[in-house]
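For reference, the structure discussed in these notes is given below.
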Amino acid sequence: MTADYKKGFADQTKVITVPSLEVEGVIPDWLSGTLVRNGPARFHLNDKTLNHWFDGLAMLHKFDIADGHVSYANKFLDTPAFRAAKDGKMKYAEFATDPCRNLFKRIAQIFTGSASGANANVSIGRVADEFVAQTESPMPVAFDKYTLKTIGIVSYSDKLKGQLTTAHPHYDQDSHEAFNYLLNFGFKSTYQIYKLPDGSKRRQPIGSYSTDRPSYMHSFGLSQNYVILMEFPLVVNPLSMLIRGKPFIANYQRGTRFSLVDRRRGEVQYAHTDEAWFGFHHVNAVDRESKIDLDIIVYPNADVVQHFYLNSLLNKPDHETYPKNELRRFTIDVPAGTVSSRTLVDYSAELPRINYEQCNSKTYQHVYASGVAKKGESPFLDTVVKFDLAGGVKEWRQHGQYPGEPVYVARPDGQSEDDGILLTVVLDADANNSYLLLLDARDLSEIARARVPQHVPFGFHGAYIRS
Ligand code: CO
């Protein structure tokens, strides 16, 4: 077993522009647009080292695809966090230089907003006319999609207040609105669910509810009728912050609560299960009469956050595998407030995508993700997987190749939900560089690859922007 995936956590400080990448295979003529990827790229700052994969300084990467050619460019996001690092000043809490490698401390930083500095290294989105890099503090950073130059932190033209949001807003193709939540942390913490119409910087509140013990949620679900917040048992007690000056986070909520916010009326209902899980990524949520099917990748507990400390990732023995997870369906009976659940696909994977343009909050069949080789025997994500919810798993895997999130691009006039291409950036550990891989989403057969002359560090999420 190889440990070569560790090269994906090496710093990349070289900022380059390559007008035409070397291409193997044939890029389809119809594919014309830009894939922008976001992720951490620098963990070593002068004499300090950042401790966690989620903490590295944000770098944007873009692949422009047109007429069968691919160009590449990368740039650091120019934020207060980035400038503080350049100055050698450890101003922001994501520079977790303290030796306390503690899961709860890590999440407490996210909760209290002390991990600010606008190091927006998680995903790519859009606010009004600007493309933005996003993280969990509510400070999206706008950038120019042609040059990747940072424009600045977007200020909203409303009065909503809060310290925590998600880097995974949902976009409704029919209403042309993005949905997200904003948590205002305090003695009583309030989840404010809002929508942001196309072209607007004014967030419109839909509904809100307060809680004594807010939960850490990386994403949420959106069905046709509801915004669904799946509150894992990992919660924070704000009272301890007021008394002791620091928040106390623990698994002391029994089971899992689902908060269902009616998208039109703003009313909030709750459902509950004694099952306890942890997860990052919701895949989809679909109304079924008075029930909701909520599909999410879940881990048995939140230890996975601990696993993503660089120290763990870089020093773990080769036989230690990626933490086990599964795609699970929670069926919420809305009037009864009860929840049942079952395994949809028993295969460890992360960074899931579907054909969101066609299927978000609607019936769907196919999930694409970065997976862990069959039976979970690999130490890191090393496979592109496709889950067919009607049955069956397809895989793309090659020795020493480590693919990230696969982004689905529909073929114009495509005939089916999966009639399109997957775009994913793959680390080639032997060559010590990376390439953009194009797969046929129907069967994961390889169409082409376009090689970057250096490595692209493992990132999180990206977006495809049509030309
Ligand atoms: Co994410």
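The values are calculated or read from the model by the stated rules, or taken from the named source; none is laboratory data. All values reported here derive from a predicted model rather than from experimental measurement. Heads up, the Cβs are rebuilt from the backbone with ideal geometry, glycines too, and the neighbour counts pull from every protein chain shown. Note: accessible area is taken over every heavy atom of the protein model, side chains too, but ligands, DNA and RNA are not part of it. Shrake-Rupley method; radii C 1.70, N 1.55, O 1.52, S 1.80 Å.
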Could you order the peptides 298-305, 218-225, 391-398 from most to least packed, using the average number of other C-beta atoms within 10 Å per residue? 218-225, 298-305, 391-398
Want the number for Leu160 to Gln415: 0.36 nm per residue separation, take away the alpha-carbon distance, what's left? 87.5 nm
Projected onto the charge dipole of region 158-219 (+1 at Lys/Arg Cβ, -1 at Asp/Glu Cβ, origin at the Cα centre), which of Ser208, Phe187, His176 gives the Cα projection farthest towards the positive end? Phe187
For a quick protection proxy, order the peptides 407-419, 348-360 by their average other-Cβ count within 10 Å, most packed first. 348-360, 407-419
Per-residue ³J(HN,Hα) for region 394-402, Karplus 6.51 cos²θ - 1.76 cosθ + 1.60, θ = phi - 60°, Hz, x for Gly and Pro: 10, 9, 10, 8, 9, 4, x, 10, 10
Using the structure shown, select from Lys362/Lys394; Lys161/Lys324; Lys145/Lys195; Lys145/Lys374 the pairs with a Cα to Cα distance greater than 27 angstrom. Lys161/Lys324; Lys145/Lys374
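Take the alpha carbon gyration tensor of the chain, find the square roots of its eigenvalues, order them as a ≥ b ≥ c, and report rounded if a/c is under 1.5; if not, report prolate when a/b exceeds b/c, else oblate.
Because its axes are fairly even, with a/c under 1.5, the chain counts as rounded.
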Under Karplus coefficients 6.51, -1.76 and 1.60, residue-wise ³J(HN,Hα) of region 353-364 in Hz, glycine/proline x: 9, 10, 6, 5, 4, 8, 10, 4, 6, 10, 4, 8
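So for His69, His52, what's the accessible-area order with a 1.4 Å probe, most first?
Descending order: His69, His52.
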Would you mind checking the pairs Lys75/Lys159; Lys62/Lys86; Lys75/Lys201 and listing those with alpha carbons more than 29 angstrom apart? Lys75/Lys159
Kindly report the accessible area of the chain per residue (heavy atoms of protein chains, probe 1.4 Å, no ligands, DNA or RNA), in Å². 39 Å²
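Can you give the relative contact order of region 254-367 as a percent, counting alpha carbon pairs under 8 Å and 6+ residues apart?
Reported relative contact order: 25 percent.
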Which order do the peptides 316-323, 72-79 take when ranked by the mean count of other beta-carbon atoms within 10 Å per residue, highest first? 72-79, 316-323
Can you find, among His69, Tyr322, Gly279, the residue sitting farthest towards the positive end of the charge dipole of the chain, where Lys and Arg contribute +1 and Asp and Glu -1 at Cβ? Gly279
Take the solvent-accessible surface of the protein heavy atoms, probe 1.4 Å, and return the percent of it on the chain that carbon and sulfur atoms account for. 48 percent
Relative contact order for the chain using alpha-carbon pairs under 8 Å, separation at least 6, rounded to a whole percent? 14 percent
The long-range amide H neighbours of Ser341, using H built 1.01 Å from N in the peptide plane and a cut-off of under 5 Å, are Thr331
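Assuming 0.36 nm per residue, please report the length gained on full extension of the stretch Ala66 to Gln173 beyond their Cα-Cα distance.
Here the answer is 36.0 nm.
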